[in-house]
Amino acid sequence: MLIAQLRVAGEEDDRLATNTDRPTIDHEALEEYACDRSNLPWVIFRAAHRATHIAALPARARALLAALARTVDADRPYAAIFARRELLTGRALQSMRTFYRSLDDLEVAGLISRPPQKRYVSGGLFGRAYLHLTEKAAALLGFVEEPASPTSQQRSAERPAHAEQATSLISPNATVADGPIYKDLSPNTQKRQPARLPQDLQRLLNLGFREFLIFKLMREAKQNAKLLSDVVEATWEHLSRAKRPINYLRALLRSSVDFTHQVRVRDTARIETNLAHARAANAQRIIRAHAGQAFFDAQNARRFEVSEDGSTLNVCHHQESRPRIRAGDWAAEFSEALEAGLIVPATSEREAAFASKRTVHLNVPKPACDTQQSRQPLPVRTPEIASRLTDLKRLLRSVCAGGGGVPIKTQ
């Protein structure tokens, strides 16, 4: 049995539609709230901002002037503005009639000029009529520098030097934010670097690198936990001879080699070498200054004498009868001992003390430790000892060969 429900009048109009295309509605909503995502350069952005804040012009003229500021070539502000009426009305959000009224307002204010339409007689056609910004508009929007008035020039000439210095030394107010607001708000170009190229990286310019590329490589090296200066310093010998140095340097930045450690080790070795050369040069200078002089140690036990040409050093101990000639690199050790005070120049008192020590020691008789009586007599090999040794040799041979052994003769 089927249970049927009669339809109520107007029920179909009250129910929600089930076949609504939800993705289509969402896409249309996104399209409605979409905006222009283009980035304007600083000069154009500033010009458009200034155009919308000119109080002497009506709102429609300010909107059209801002649209013209966005359309004009910033490098050639006096050139013709190549834009159709549809583009300008779309950017100014105006109708065609309001557009023409805005043009009249700007022309009356002296901000634009509209030369007459050209006509090509040979073809019987009319050319286009282009808009141009005047000098007043270009200076007002910031495309060109405003000319200084005679009054301001006279005031700047009359201002004393100490007043300018005092003005430059005034610190900013503590109630305002310091920092970005004191920077240059009118840069000449957008593509500029905040600092100069480091001195150790300027040699890359001779290999075909540009400054902007070097700054970019510095950023890539920082992302790879490296320093571009260390990479260039460690691999300069191979980098300067590479056929494609840019590709080679980028491959080095991507590698896992610790170039900072290599540079540190190389610098340490260079410093040690320089210190060794400095010590050697200092030692040679000291030896040349004290050539032909004699020195003693603190105990007057040894006497040092430098040769006349400074090539050799004679060392005489008070317990030795003959002096010894010092060989090897003795100049550095001798100069360090002389500077430290371990060796002092010879004097008459030290010469006498050393001579007395040497005389006392050399006059003491030596102990007779090598006489004939102190020697032990060497054993004499008799026939009995020889036969005994022969029997022992036979016994050892038989034991090693596995035999039962040979009887040893006994007395």
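Quick notes on this structure:
- Matching residues, the stretch 233-253, being crowded, with 17+ Cβ neighbours inside 10 Å and of a type in the set (V, I, T): T235
- Pairs with Cβ under 6 Å, 6+ apart, first in the stretch 208-226 and over 21 Å from A242 (Cβ atoms), second at pLDDT below 90: none
- R241, sole failed condition from (1) outside the structural domain of V315 (by TED's automatic domain parsing); (2) outside any loop (DSSP other than H, G, I, E, B): (2)
- Residues satisfying the stated conditions in the stretch 45-93, i.e. of a type in the set (V, I, T) and either over 17 Å from L140 (Cβ atoms) or outside the structural domain of A129 (by TED's automatic domain parsing) (or both): T89
- Here A294 passes the criteria (1) under 19 Å from E349 (Cα atoms); (2) outside the structural domain of T347 (by TED's automatic domain parsing) except the one numbered (2).
- Residue selected from the stretch 49-65 under the condition without any contact (Cβ under 8 Å) to a residue 40 or more places away in the chain and in a helix (DSSP H, G or I), by the criterion farthest from L106 (Cα to Cα): H49
- When the stretch 320-350 is filtered for residues that are among the hydroxyl-bearing types (S, T, Y) and exposed (fewer than 15 other Cβ atoms within 10 Å of the Cβ), the ones remaining, listed by number, are S321, T347, S348.
- Candidate set: the stretch 84-102, residues that are among the hydrophobic types (A, V, I, L, M, F, W, C) and surrounded by fewer than 18 Cβ atoms within 10 Å (Cβ to Cβ); chosen: the one nearest to V43 (Cα to Cα): L87
- Selection of the stretch 255-264 for residues being assigned to a helix (DSSP H, G or I) and surrounded by 12 or more Cβ atoms within 10 Å (Cβ to Cβ) yields F259, T260, Q262, V263, R264.
- Just one residue in the set A368, A346, A327 is modelled with pLDDT of 80 or more and of a type outside the set (D, E, K, R); that residue is A346.
The values are calculated or read from the model by the stated rules, or taken from the named source; none is laboratory data. All of these numbers come straight from a predicted model, not from anything done at the bench. With ideal geometry, Cβ positions are generated from the backbone for all residues, glycine too; neighbour counts draw on all protein chains shown.
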